[in-house]
Structure formats: C-alpha cells, structure tokens
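Everything on this sheet refers to the single structure shown next.
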Amino acid sequence: MHIQVDRPATLLKPLFVPQKLLMGPGPSNCPPRVLHAMSLPVLGHLHPECCSIMDEVKAGIQYAFQTKNALTLAVSTSGHGGMEASMSNLIESGNTVLIAVHGIWGQRAANMAQRYGADVRTINIPAGEYFCMKAIEAGLSQHRPVLFFITQGESSTGVHQPIEQLGLLCHKYNCLLVVDAVASLGGVPVYMDEWEIDVLYTGSQKVLGAPPGLAPISFSPRAIAKIESRTIPVPVFYWDMKILGDYWACFGKPRVYHHTIPVSLLYGLREALAIFVEEGINKCIARHQMCAKRLHNGLEKLGLEFFVEKEEARLPTVTTIKVPRGLDWRVIQKYAMKTYCLEISGGLGPTVGKVIRIGLMGYNATLEKVDLTLKVLQEALLHARRPHTNL
Ligand code: GLV
C-alpha cells in the first residue's frame, strides 16, 4: 500500500471558527447552554441515558407543537428532511397532491412530491402574498388531493401564512394537511391538535436555537392511518416513520435500531427545548413579536420599504425589505459581515436580488440585537450609497 494522497496541510492547522452574529433567516446563534450540552460525552445511541434524552426531546416537541400525537420525534436531518419525510411517508405513486406555492418552499415541496410519483397540482400566488381560504378551498374542491402542503413561515418572502382554519377545511375534503413551520415555530402560534394539522415539522436551528441537523416532526392519527394503508413500503428506509417511530418508542413497543442518532445534536436540542419550555410558548412568541415591531419601526425610520405590503402578513421571524433602488444588496451584506461580523441575508428563490432578509430567531430575538442590526444596516446603507463603492 502506498500513500498516494498527501496529508492535507489545511488539516494540520488549528480549526478556525469566527464568532458571527447570525441575524439572517437561520441558523441562529445557539445559547451557550446549548453549546455546552453538545460538548458532553458521547453516549451510545441505545444506551438507557440516551433513550431517556430522546423521551425528553419528544415531550419537548409535543409541547412546542401543542400535540398529544404519539408519533412525535426528531428526524436526524435539516428542516428540509422534515419535508422529505412527510412526502416520503404520505405519498404513493399516482396520488394527487396539492401544493401551495408562495415562495421557494412550495416549489421544493412540489419538486419532492413529483419524485415520489405524485400527480402534483399547485395553487400559486405572487411572492409576498398569502393565500386566502377561498383560493385554498377552490384548489381542494377542484383537485381533490390526498394531501395539501403549505408553508406557514415563508422565509424566502417573509410572509406569515394564516393556517388555523386549514385542518378543518382539508378534512372536509378528506385530505391530509402538511404544514412547514421551519421558520415560524416559536415566533407565531401553531397549535397542531387544535388546528387539526396532520403533519407538522420544523428545524432545530431557527427559533429553537439548536444547531442544524435535527427536524422535529409529528404525525396525527389520520396521517398514521394513511401510512398504515400504504400498498408499498415507504420508498426510502431512512424516512420510514414506522421504523423511526419504533426507534423513538412512539408505538409502545421496545426500541428498534434504525440509525445512529447524532447524540451530541440530541443533547443540544434537549437543552434548546428546555430553554423553550422554561420561557413558555406564549412568552416566546410575544418576545419575537415585540422585537419584530421594534425592527419594523426602525426600518421605516431608515426609509426602507417592506416587501410584504400587508402588515398583518409580515413574519416576525424573517423580515424582508426591498433592496433600495440603485443599491447592490451584496455591498450591504458584505459591509455588515466585514465590519461587524453580522449576518444579514439576500433573497432566496423568487426574491433573489430583490430583498434583504433580517432574521429574529430564538437567542437572537432581543431588543439589543435588533438595535445593533439597525445601526449596522444604517451604516451599510450609507456605505452602499457612496459613489464607486465596490463589493
Ligand atoms: C433558509 O431557511 C432560508 O430561508 O434561507
């Protein structure tokens, strides 16, 4: 055996990770308590202590989602994987599904559903708007889907989609409701059982303030019945909720090995959920709304224009502002990062080049951080307006 690949010189240097303030659409900064938890010793993924932590995480997710669903767990994946797990379990080839597209997440969901062989129908509105009940009912009545997908917090546009009546509506049409709450959970109300949501998922890295890598998800008894009625197994083993549910002891049976859970991330999410539980849902939502109000007032004072025109439709966790005419958003973003190590983001999907996005999530949703972000943005705008400012 000959060494044909030299030791990479980059790995012989110390790891360098700068301290940045993440005021974009996520991930957000983790509280020190979460970071500390992740430095605790690694346990085996089926050790009793690890299983107890999984039970605690499950209880925390049930609280955060306001659900008593037995099939509630965290998938070892980013928020995107929550979408994938929903589609993989609920769709069988040939099923008609209806996707609400009002930003990138609806587009992604349609793409995923197609890959599982669904007959995908969409309802569409321009970026920056939200769906009214009438349009959704018209879609359900026309297409008669088995599943309706909608994003509550469209982080690409900054829209907060109202969803409280949708479960009832979907069930009237014998259709399951899947809600993406990756960017919204904890910043706006979501009451899974009361609102009759069949599948709800979020990401660990947004309001909850754990690192990316775990996606809390829950399935209603109706959603489980759909999985039970499948004629072919879930096509991707990794997403199969019947096996994953057994790994998380959701069905009252002994745990069965499915995969090796990222235990350090599990500790992080456990602590993030503990912090969330200590604060309480309503206080956490109120804090995000208070910070968003302060941010929005400040942005107006800076003469900036909101991308989402209707005030009630603005998502507290992700604010989108139009890039001022004649300015390059990349200059603004770069100035904030270079001068203050502060992240603000550009657009995503349909809003690329059109908006600047500011995130207020979890540990970063404080009045001090809002004020700092406004100050940095004001300076960055001045900088971008100077003649001959380059990237
Ligand atoms: C990711 O969730 C983003 O909105 O950029």
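Of all the residues in segment 348-369, those that are within 16 Å of THR320 (Cβ to Cβ) and either touching a Cys at 6+ places or on another chain (Cβ under 7 Å) or small (Gly, Ala, Ser) (or both) number 4.
Being free of Cβ contacts under 8 Å to residues at least 60 places away in the same chain and open to solvent by less than 20 Å² (accessible area, probe 1.4 Å): is that true of GLY245 here? Steps first, please.
On the way: free of Cβ contacts under 8 Å to residues at least 60 places away in the same chain: no; open to solvent by less than 20 Å² (accessible area, probe 1.4 Å): yes.
Here the answer is no, as GLY245 does not meet what is asked.
Take the conditions (1) away from the ligand (no atom under 16 Å from the Cβ); (2) in contact (Cβ under 8 Å) with a residue 60 or more places away in the chain; (3) over 30 Å from GLU164 (Cα atoms); TYR335 misses just one of them, which is (2). Among the residues making up segment 152-187, those that are open to solvent by 20 Å² or more (accessible area, probe 1.4 Å), of a type outside the set (Phe, Trp, Tyr) and more than 16 Å from the ligand (Cβ to nearest atom) are PRO162, GLU164, GLN165, LEU168, HIS171, LYS172, ASN174. Out of segment 116-150, which residues are charged (D, E, K, R) and surrounded by 15 or more Cβ atoms within 10 Å (Cβ to Cβ)? Across segment 116-150, the qualifying residues are ASP119, ARG121, GLU129, GLU137.
Filter segment 317-363 down to the residues that are part of a helix (DSSP H, G or I), surrounded by 21 or more Cβ atoms within 10 Å (Cβ to Cβ) and of a type outside the set (Phe, Trp, Tyr) and list them by number. Walk me through how you get there before you give the answer.
As a first pass, look at segment 317-363 and keep what is part of a helix (DSSP H, G or I): 329-340, 349-351, 362-363.
Imposing the further condition that a residue be surrounded by 21 or more Cβ atoms within 10 Å (Cβ to Cβ) reduces the set to 329, 332-333, 335-336, 351, 362.
Scanning segment 317-363 gives ILE332, GLN333, ALA336, THR351, GLY362.
Residue-by-condition table, conditions (1) open to solvent by 50 Å² or more (accessible area, probe 1.4 Å); (2) in contact with a Pro (Cβ under 7 Å, 6 or more places away or on another chain); (3) of a type in the set (A, V, I, L, M); (4) assigned to a loop (DSSP other than H, G, I, E, B):
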| site | (1), (2), (3), (4) |
| --- | --- |
| MET1 | yes, no, yes, yes |
| THR10 | yes, no, no, no |
| PRO25 | no, no, no, yes |
| ASN29 | no, no, no, yes |
| PRO41 | yes, no, no, yes |
| ASP55 | yes, no, no, no |
| GLY82 | no, no, no, no |
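Take the conditions more than 14 Å from the chain's Cα centre (by Cα), more than 16 Å from the ligand (Cβ to nearest atom) and closer than 17 Å to SER184 by Cβ and apply them to THR72. Does it pass? Considered against the rule, which asks whether it is more than 14 Å from the chain's Cα centre (by Cα), more than 16 Å from the ligand (Cβ to nearest atom) and closer than 17 Å to SER184 by Cβ, THR72 comes out as no.
For segment 57-74, a residue qualifies if it is outside any loop (DSSP other than H, G, I, E, B) and surrounded by 18 or more Cβ atoms within 10 Å (Cβ to Cβ), and the qualifying residues are VAL57, LYS58, GLY60, ILE61, GLN62, ALA64, PHE65, LEU71, THR72, LEU73, ALA74.
GLN107 meets each of the listed conditions (1) away from the ligand (no atom under 16 Å from the Cβ); (2) surrounded by fewer than 21 Cβ atoms within 10 Å (Cβ to Cβ) apart from (1).
Could you please find all residues in segment 12-23 being open to solvent by less than 80 Å² (accessible area, probe 1.4 Å) and of a type in the set (D, E, K, R)? Reasoning before the result, please.
Taking segment 12-23 and keeping what is open to solvent by less than 80 Å² (accessible area, probe 1.4 Å), we get 18, 20-23.
Of everything in segment 12-23, just one residue is open to solvent by less than 80 Å² (accessible area, probe 1.4 Å) and of a type in the set (D, E, K, R), namely LYS20.
No other residue among LYS301, LYS283, LYS310, LYS226 is under 21 Å from the mean Cα position of the chain (by Cα) and either more than 25 Å from SER86 (Cβ to Cβ) or in contact (Cβ under 8 Å) with a residue 24 or more places away in the chain (or both) apart from LYS283.
The values are calculated or read from the model by the stated rules, or taken from the named source; none is laboratory data. Keep in mind that what you see is a predicted model, and the values were worked out from it rather than measured. Ideal geometry is used to build each Cβ from the backbone, glycine not excepted, and the neighbour counts take in all protein chains shown. Calculation scope for accessible area: heavy atoms of the full protein, side chains included, ligands and nucleic acids excluded. Shrake-Rupley method; radii C 1.70, N 1.55, O 1.52, S 1.80 Å.
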